[in-house]
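Novice: Sharing a structure with you now.
No lab work stands behind these numbers, since they all come straight from the coordinates. Small disclaimer: the values here were computed from a predicted structure and weren't measured. So basically every Cβ, Gly included, is an ideal-geometry build from the backbone, and we count neighbours across all protein chains shown.
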Amino acid sequence: MAVLAVKTEPKCKICTSPAREEIDLVIERRSNREAGINIQYVLKFMEGCGLPNPVADNVTNHWKKHCLKTNSEGVAKAQEVAAVALSAIAAGKGDPLRVDDVLDRTIAIGMAEIEARLAAGKASGISPDIILRAVQEKTRRAHNETQSDLLAALGGGIAAALGQAAADKTYVKRIAPAEVVDAEAVEVS
């Protein structure tokens with residue numbers, strides 16, 4: 001079995017611990033009901049890793065919300081997929097400072113690392129929530145670029161139409177000013 005870090009919550013003391021991987025493995029051993037690994041053992045282990053004031057709720061919430069217990073079937077396939085993805089990224093072309101390229105690489109590396117670490121029985125350093133944030137950012141950027149392109153095209157069309165109207169005098173019709181009439185209102189009974 002292996003533990004996959006499916007979320008990294010900044011408020012979770014286990015998620016933010018440098019020893020998260022080791023703690024996750026001990027919590028997994030507890031979930032497998034391994035002899036001698038009870039909640040007190042896990043809490044002492046967490047204290048030994050430098051976590052301040054660990055309590056059973058920390059363990060329960062972290063395990064339920066931030067971890068996924070998986071099996072190790074297809075380990076060779078996952079390693080192969082990760083190796084192919086990482087080599088494709090390494091051979092990739094493009095400006096490394098372009099935001100879209102950085103987001104593409106973050107997504108690809110994150111997915112490849114998840115597969116490789118899972119295949120090796122370890123938790124991933126890049127969690128799926130970080131990958132999802134990268135996907136959301138990329139989608140938002142694409143939407144904003146499309147919106148900007150549409151507004152630029154609309155503005156260009158309006159400017160062209162107004163320019164044509166100004167150049168062609170048939171579109172410009174002079175309207176004579178209205179005649180001003182002085183009058184008093186009379187009430188009709």
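Novice: On a full-extension model of 0.36 nm per residue, what is the gain between residue 135 and residue 21, subtracting their alpha-carbon distance, rounded to one decimal in nm?
Specialist: Details: separation 114, 0.36 × 114 = 41.04 nm, distance 2.49 nm.
38.5 nm is the gain from fully extending residue 135 to residue 21.
Novice: Once fully extended, how much extra length lies between residue 32 and residue 179, figured as 0.36 nm per residue of separation less the alpha-carbon to alpha-carbon distance? Intermediate values should be presented prior to the final figure.
Specialist: Details: separation 147, 0.36 × 147 = 52.92 nm, distance 9.42 nm.
Gain on stretching residue 32 to residue 179: 43.5 nm.
Novice: Note down the nm distance, to one decimal, between modelled labels 7 Å out along Cα→Cβ at residue 57 and at residue 161.
Specialist: 6.1 nm
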